[in-house]
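The values are calculated or read from the model by the stated rules, or taken from the named source; none is laboratory data. All figures in this text were calculated on a predicted structure; none of them were measured in a lab. FYI the Cβ positions are ideal-geometry reconstructions off the backbone, even for glycines, and counts take in every protein chain you see.
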Amino acid sequence: MGVGFGGSSVFNRASPSSHAGCVARIVADYLQSPAAAPARILDIGGTANGFRAHAALPAGCQVVIANPEPGVGADYRFVSEIPQTVPGFDLAMLFGVIMYLPPDQLGILLHDVRQRLRGAGTLLIAEPDPEGLVGRAEIAFKTVFAAIKSLWDPTKFHFYTKAETTKLLHAAGFGSVRNRWDLTPNAMGAMPPPQPPYYVLAASI
């Protein structure tokens, strides 16, 4: 999937998964499941050294990683490869991933994720905000970096605004989309403020 999809820290300092306070709040807000049904998490584009390793998870909680990058400790390459017999998930996460997917592929992925959620399950999307001066500079920097890293086949980025992502989530069948700006390192007071700022959306059925 190209530059950064495997969880590289080059661009991810502003991601919620990079800040202990954000990770702890995600666990508190979305993973307090009844003891009879331990929480299940689908980490799309994550790594074994990421959320799974750093979160203080409730007893019995399971994190399933879907990531096509080699050597990142993924359980599956793609969400579509997870067998239908696998139990559903209470939380799915897409952190810094959707920029690597064109709209048609992203729409299919969001629909697949919705089908995998159970009960009051939630999908969290965290993505660099392409709007504003910093966002535009980030677009230019990422594009140049990708071309330098692979002159013959540079990563193709697709930057989505918060409004565009919200529209895609509704089209995929998510009835509720909330702005969780508080789940960012910037909102937690990280210094110096990580750039570019991320937006965070919480989508549920």
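Based on what the data block shows, is V23 over 13 Å from the mean Cα position of the chain (by Cα) and among the β-branched types (V, I, T)? No, not satisfied. Number of residues in the stretch 171-205 that are assigned to a helix (DSSP H, G or I) and either surrounded by fewer than 17 Cβ atoms within 10 Å (Cβ to Cβ) or of a type in the set (G, A, S) (or both) equals 3.
Is it the case that I125 is outside any loop (DSSP other than H, G, I, E, B) and more than 24 Å from R178 (Cβ to Cβ)? So I125 fails the test.
Going by the structure shown, is L168 at pLDDT 90 or above and outside any helix (DSSP H, G or I)?
No.
Of all residues assigned to the stretch 90-113, at least one qualifies as being at positive phi and surrounded by 19 or more Cβ atoms within 10 Å (Cβ to Cβ). Scanning the stretch 27-64 for residues that are modelled with pLDDT of 90 or more, more than 22 Å from L109 (Cα to Cα) and not in a loop (DSSP other than H, G, I, E, B) turns up V27, A28, D29. Pairs meeting the criteria (first residue in the stretch 65-86 and touching a residue at least 60 places away in the same chain (Cβ under 8 Å) and surrounded by 11 or more Cβ atoms within 10 Å (Cβ to Cβ), second residue of a type in the set (F, W, Y) and in a loop (DSSP other than H, G, I, E, B), beta carbons under 8 Å, at least 6 apart or on different chains) are N67/F5; P68/F5; P68/F78; E69/F5.
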